Amino acid sequence: MKIVNCAFHTGHEFRIDNPDVVKRYIKDIEFPYESLAKEVLKERKGVIYSKCPAVTDFFKNTYVFHSPMDLNIDVHVSNDQISVWCDNVDQEFFDIMVDIRFLEEQEKGISPYPLIGVDFLNTFTCNESLKIQSFPAFLHYNDFTSKTALVPGEYDISKWVRPVELVFELKNKIEKIQIKKGDALYYFKFLDDDHVKLQKNSVPWDDVVACNDIRNANKFRPLKDRYASYEKWKKENGKEN
């Protein structure tokens, strides 16, 4: 069995861990993860594919991340109007939590699909080599999953300490998304034959900031180069396992 330390946190700025403005909307930070197999079987009792070994092997070590709050996101992109707003939170919360990536010069590129980020952040670490994948919650049907396409990713959480963020494309340029507390937002899977146990822990801020600095120095370096730089930083700071 492998132990994975996990921490849910929020906010654009590093070392902001659920400030008062966020706590107005996310009052109780619970453990927002559930086994995908358990989630699927809640509503699909006796369904034949749930017993298929190809499916059960895929479900292994796969978890669901649930929204910790209600959040309405309105996006309007047209020739005469470009706007993003949330009608159920105040401006301060919006500024801390919502990344309007399709309006940021360094990120927008040329795409018909508005790109948004919400700083529901999850940081996972492990003392042993272990890859994590994140991908859309395709077996959950809610307003978010029907109107968006989650940006997927994969990296080794023993070699790179960066939060998994909710980043997604909207399928339409004019859309209103109603996220409800408890809605499935995405899946994450640990690629290992051993059983993986999640263990709630504090945010490893020093490591997160170090990896962020490495990333910002060259945002398009291959992961293997980033891993090497992070390993060097750990040795220099006495953080070797």
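The values are calculated or read from the model by the stated rules, or taken from the named source; none is laboratory data. Model, not experiment: these values are computed from the prediction. Cβ sites come from the backbone with ideal geometry, for glycine too, and all protein chains shown count toward neighbours.
Summary table
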{"quantity": "Filter result for the condition that a residue is outside the structural domain of Asp70 (by TED's automatic domain parsing) and either surrounded by fewer than 19 Cβ atoms within 10 Å (Cβ to Cβ) or among the hydroxyl-bearing types (Ser, Thr, Tyr) (or both), over Glu236, Glu175, Glu169, Glu154", "calculated": "Glu236"}
{"quantity": "Unique residue being surrounded by 15 or more Cβ atoms within 10 Å (Cβ to Cβ) and out of contact with any Asp or Glu (no Cβ under 7 Å at 6 or more places or on another chain) when the list is Phe102, Phe138", "calculated": "Phe102"}
{"quantity": "Test: Asp119 is under 23 Å from Val209 (Cβ atoms), modelled with pLDDT of 90 or more and touching a Gly at 6+ places or on another chain (Cβ under 6 Å)", "calculated": "yes"}
{"quantity": "Odd one out for Gly11, checked against (1) among the small types (Gly, Ala, Ser); (2) within 26 Å of Asp99 (Cβ to Cβ); (3) at pLDDT 90 or above", "calculated": "(3)"}
{"quantity": "Residue that is free of Cβ contacts under 8 Å to residues at least 12 places away in the same chain and over 26 Å from Lys131 (Cα atoms), where the choices are Lys51, Lys42", "calculated": "Lys42"}
{"quantity": "Selection count, the range 192-214, where residues are in a helix (DSSP H, G or I) and closer than 30 Å to Glu30 by Cα", "calculated": "9"}
{"quantity": "Selection status of Lys189, part of a loop (DSSP other than H, G, I, E, B) and out of contact with any Lys or Arg (no Cβ under 6 Å at 6 or more places or on another chain)", "calculated": "no"}
{"quantity": "Scope the range 162-186; condition of a type in the set (D, E, K, R), closer than 16 Å to Lys147 by Cα and in a loop (DSSP other than H, G, I, E, B); matching residues", "calculated": "Lys171, Lys173, Lys180, Asp183"}
{"quantity": "Single condition Ile214 does not satisfy, out of (1) among the aliphatic types (A, V, I, L, M); (2) buried (at least 16 other Cβ atoms within 10 Å of the Cβ); (3) assigned by TED's automatic domain parsing to the domain that holds Ser35; (4) out of contact with any strand residue (DSSP E or B) (no Cβ under 6 Å at 6 or more places or on another chain)", "calculated": "(3)"}
{"quantity": "Odd one out for Gln91, checked against (1) free of Cβ contacts under 8 Å to residues at least 60 places away in the same chain; (2) surrounded by 14 or more Cβ atoms within 10 Å (Cβ to Cβ); (3) of a type outside the set (A, V, I, L, M, F, W, C)", "calculated": "(2)"}
